[in-house]
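Report on one structure; see the data block that follows.
The values are calculated or read from the model by the stated rules, or taken from the named source; none is laboratory data. Note that the structure is a prediction, hence the values are computed from the model and not measured. FYI the Cβ positions are ideal-geometry reconstructions off the backbone, even for glycines, and counts take in every protein chain you see. Heads up: the accessible areas ignore ligands, DNA and RNA and are worked out on the full protein's heavy atoms, side chains in. Shrake-Rupley method; radii C 1.70, N 1.55, O 1.52, S 1.80 Å.
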Amino acid sequence: MASKSSGSGRKAGGGLARPVQPSADLAAITGSAPLPRSEVVSKVWDHIRKNNLQNPQNKREIVADATLKKVFGGKDRVSMFEMNKHLSNHLK
């Protein structure tokens, strides 16, 4: 019988934990060092909160400042769900 530890469970370093390289535009928010996707999203949300970029009437909408506009493909506003799609375009 195989031991429980071999082959079962998740392997570290995959999916959200795998470090990704941000583009130059995204690095203005996250820094240029590779970091896990979850940390990228966290740093973007820190930037959004710090600069009060959530639409007060619709908290799911993010109003882009000059830095985020580059990440969001020139759009002025994106939904929080659409934001992840734009972030993926800036991660390798």
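Would you mind counting up the charge near VAL78? Only other residues with Cβ under 14 Å from its Cβ, with Lys and Arg at +1 and Asp and Glu at -1.
Here the count lands on +3.
For a label point 7 Å from the Cα of ALA17 along Cα→C-beta, name the residues of segment 25-51 whose backbone N is under 13 Å from it.
Hits in segment 25-51 for ALA17 at 13 Å: 36-38.
How much of the accessible area of segment 48-92, in percent, comes from carbon and sulfur atoms when a 1.4 Å probe is used?
Roughly 47 percent, rounded to a whole number.
Taking a spot 7 Å from the Cα of ARG77 along the direction of its beta carbon, which residues of segment 38-59 have an amide N less than 19 Å from it?
48-49, 51-59
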